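Here is the structure we will look at.
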Protein chains: 2
Amino acid sequence: MAIGYHLTNQTPGVTDMDDLNKLSAFDAVNGIRKKRFTSQQLMADCITRIEKREPSVRAWAHFDPEHAMAEAKKADKKQDNGERLGPLHGIPVGIKDVIDAKGMPGEHGSPIFANRVPEKDSEAVIQLKKAGAIIMGKTVTTEMANLTPSKTRNPNDLKRSPGGSSSGSAASVADFHVPLALGTQTGGSIIRPASFNGVHGLKPTVGQISRNGMLLQSHTLDTIGVYARNLVDLAIINNCLIDQTTDAMSEEILEEGSKVFKNWAKTAETPKFAFLETPAWPEADIGAKNAIETAITSLSSACQRERLPDPFSKIIDYHAAVFAAENSHYYGPFLDNHSELLSEKLRDRLIVSKTTLASEYIAAQNARDKIYHLLEALLDDYDAVLCLAATGAAPIGFETTGSAIFNGLWTYLGVPCLSLPLLTTEKMPLGLQLVGKRGDERKLFETANWIENHLKAS
Amino acid sequence: MAIGYHLTNQTPGVTDMDDLNKLSAFDAVNGIRKKRFTSQQLMADCITRIEKREPSVRAWAHFDPEHAMAEAKKADKKQDNGERLGPLHGIPVGIKDVIDAKGMPGEHGSPIFANRVPEKDSEAVIQLKKAGAIIMGKTVTTEMANLTPSKTRNPNDLKRSPGGSSSGSAASVADFHVPLALGTQTGGSIIRPASFNGVHGLKPTVGQISRNGMLLQSHTLDTIGVYARNLVDLAIINNCLIDQTTDAMSEEILEEGSKVFKNWAKTAETPKFAFLETPAWPEADIGAKNAIETAITSLSSACQRERLPDPFSKIIDYHAAVFAAENSHYYGPFLDNHSELLSEKLRDRLIVSKTTLASEYIAAQNARDKIYHLLEALLDDYDAVLCLAATGAAPIGFETTGSAIFNGLWTYLGVPCLSLPLLTTEKMPLGLQLVGKRGDERKLFETANWIENHLKAS
């Protein structure tokens, strides 16, 4: 069975029903709505894929195929009954295991939470369910979304790390288990795995997606975000997660398909990009530097090299101070009461974090808006900042989830970031990161769309 | 020359021109506008009073009678020219020496700032000048609005402390140097001196009066407030300091005089007061406790004893943690660079403050709104909270400015507080403190007006 028009040209190999798991969410939901296939058929292909790949990739902390199939059956019945269908009707979504889904284990990657099953959905899951999505299961997180690596492997190269902390979410989307997944970022936990696994990742503006029902480790940094295999899918799910009344884009996309996509292209015909090395640049490896330099060359006059004045140079330290201070507040009780259940890495880190002085924290907090205003002024002249998403390819081995040094600075500023799988190094994916003004995700998507078209064509 | 109608009956002895300094701001501005006397005549009486009393009271850090008189002359000329007159036209106001006034020394009570003369007015001073007020000079503050006592004496008993840190502002108003003065509160620096000196003091909702051009020691606590010798004056100056476009009360008062006053009485005919001992109660002396118990008895069914549940019991510690943390951020550089110019008391305090952990600070910050919501719920049932303004009368001697334990808790919550000079102990004034919801100063004034009438009559 032919699937018909593919908006994003991401799934050229899909020619029969065995590959429905490779469809984008957009193509899948339209296929279901137009009755080319059912949610149960889509679900069956996703389950088959997971069962085949999970022994190697280990992306799932909780996965119950019977439950998932029962939900798909309900979705199909809803359609048969002629009920109104949401923009993610019948689409399976992976949920990082620090975000609660009612009735599914929520162990946060830590024995401290063994056998914990939340009785309520998180706000993000409530929104997804409203949009018609099916909660596929809980994806593997590093220990409490912190640094200690998880069991997950990089599907592009099983000898490599998937990155963290949203390890299972990025890997499951990259490996075609599900078209969409939720992640969270406090340092680099969405963008870095997106870069390492070669998927699209969005860390939205802080505060846009409700954190109710999520394990908090830092109230000024923690941000829920999303993974997909193309920009349109990313925009759809992000839209479903934020206040749906303020923006009709998701419905629009479903009703008018490629029109919105064309609008993106139209409204961002000649964007201007500011390339920032950022203070993280010295940590990037030569392959990563070469990869982004090639992209910059290809962008030609659309991209200018820029610098931000001080205090931008201190931004990495400020992020670290805020992370340590707030993490110590939220995880301090675990150190005090469950020290023996923490990994050595997290225990040692929390012992150090506990010594963060209030004056260091306040200095870092007070600098935040000053630095943001420097960035904002730059973005008055440019459509987006362009920089590396990671220091290099996913690390070989599983001692570390890789450096988040290209991510924490943006998380600290609360700005939206996209990782686009447009670069390669060591024959592995590497993300090109775009950064925008707080709250202006739409412009970020438009410029991202332009740059994807441009770099793929060149 | 008879002064005519006295709104507040605070100045019964004023029967000739020698006592214009004893007038309320309201009576004085109306006297000037109705040409019963000039701003220069008012100023002359204030200057005479200051020159007579300043050697004993020591309320002024900077006072230049010639400059003040020249400003009064300008005010009179403005009136002669038929220009529009502000609600504080020709009225002298004292400015605490941590708030900048252009061209006047701004030494913050510390040799670190010796010979500092700011080139710009603070926002508060700009507002006062717009309202027509004359900046009389800079009133004495404790060392950088912290704990180390100043040279100021309590005009009610020169052997006693005026309290701190707004020592000179409260003393100068109490001693009829000026009808109005600005203070600041981070712990108890407005309400405590109001209580000790027997004047009216308002610490408004945090953030209502701009702090631009003020020495910051704690960005979540520092609040500019006002002193006067009656409620109407307090309301007028507070109104001039906040955004004047949002509330026409000050103009209203000037045009319609007692009508507004009567409105207060009308709209708060039978207010309900919740008496809270607060966690500070064990620190109050027996005289203070007896004084407020007598007031409660007199209020009869208008006042109920109430308690707030936890975490209210921790509120004093939370205030201390926030104060220490933020003070260490703002004053840390003084400790690092000018240690020898700090008093031993402040130096020792800053050394301890520097050790405040970020996690303690964050815990205190995060508890703030939770506790406020408990208070807010109580204030859904009552018009105001009533409690002591201080632990007792002004201390004898000058080792300390007295305890601020009845004040820091409300400063922490950011709520408006009034100290009314309605109680006495040890033949000294003692404030009755009223506390309201954030932003609802008007209701606080109304209920304060009712309680003053009630307790004076009883």
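Annotation for segment A:167-184: no member residue is within 15 Å of residue A:97 (Cα to Cα) and open to solvent by 10 Å² or more (accessible area, probe 1.4 Å). For segment A:117-139, the set of residues classified as of a type outside the set (A, V, I, L, M, F, W, C) and open to solvent by 60 Å² or more (accessible area, probe 1.4 Å) consists of A:119, A:120, A:129, A:130, listed by residue number. Of the residues in segment A:295-314, at least one is in a strand (DSSP E or B) and charged (D, E, K, R). Can you pull out the residues in segment A:55-73 that are within 14 Å of residue A:136 (Cα to Cα) and not in a strand (DSSP E or B)? Passing the criteria: A:59, A:64, A:65, A:66, A:67, A:68, A:69, A:70, A:71, A:72, A:73. Exactly one residue out of A:393, A:404 is open to solvent by 10 Å² or more (accessible area, probe 1.4 Å), over 20 Å from residue A:232 (Cα atoms) and under 15 Å from the mean Cα position of the chain (by Cα), and it is A:404.
If you check B:302, B:324 for being open to solvent by less than 40 Å² (accessible area, probe 1.4 Å) and within 22 Å of residue A:330 (Cβ to Cβ), only one passes: B:324.
Is it true that some residue in segment A:385-392 is farther than 30 Å from residue A:158 by Cα and touching a residue at least 40 places away in the same chain (Cβ under 8 Å)?
yes
For segment A:247-291, taking the residues that are in contact with an Asp or Glu (Cβ under 7 Å, 6 or more places away or on another chain) and of a type in the set (A, V, I, L, M), the one that is modelled with the lowest pLDDT is identified as A:268. When B:202, B:147, B:158, B:216 are screened for being away from chain A (no Cβ under 14 Å), surrounded by fewer than 23 Cβ atoms within 10 Å (Cβ to Cβ), under 25 Å from residue B:315 (Cβ atoms) and aliphatic (A, V, I, L, M), only B:147 passes. So for segment B:356-375 (the condition being surrounded by 20 or more Cβ atoms within 10 Å (Cβ to Cβ) and touching a Pro at 6+ places or on another chain (Cβ under 8 Å)), does at least one residue qualify? Checked segment B:356-375: at least one residue is surrounded by 20 or more Cβ atoms within 10 Å (Cβ to Cβ) and touching a Pro at 6+ places or on another chain (Cβ under 8 Å). Every condition in (1) within 14 Å of chain A (Cβ to nearest Cβ); (2) open to solvent by 10 Å² or more (accessible area, probe 1.4 Å); (3) of a type in the set (A, V, I, L, M, F, W, C) holds for residue B:221 except the one numbered (2). Evaluate segment B:441-452: report whether one residue or more is open to solvent by 10 Å² or more (accessible area, probe 1.4 Å) and assigned to a strand (DSSP E or B). The answer is no, given that none of the residues of segment B:441-452 is open to solvent by 10 Å² or more (accessible area, probe 1.4 Å) and assigned to a strand (DSSP E or B).
If the requirement is being more than 16 Å from residue B:191 (Cβ to Cβ) and touching a Phe, Trp or Tyr at 6+ places or on another chain (Cβ under 8 Å), which of these qualifies: B:386, B:413, B:342?
Within the list B:386, B:413, B:342, the selection yields B:342.
Inside segment B:21-39, can you point out the residues that are surrounded by 19 or more Cβ atoms within 10 Å (Cβ to Cβ) and either touching a Lys or Arg at 6+ places or on another chain (Cβ under 6 Å) or touching a residue at least 60 places away in the same chain (Cβ under 8 Å) (or both)?
B:21, B:22, B:23, B:24, B:25, B:26, B:28, B:29, B:30, B:39
The values are calculated or read from the model by the stated rules, or taken from the named source; none is laboratory data. Everything quoted here is computed from the prediction, not taken from an experiment. Neighbour counts are summed over all protein chains in view; Cβ atoms, including those assigned to glycine, are modelled from backbone coordinates with ideal geometry. Each accessible area value is taken on the protein alone, full model and side chains, heavy atoms only, with ligands, DNA and RNA left out. Shrake-Rupley method; radii C 1.70, N 1.55, O 1.52, S 1.80 Å.
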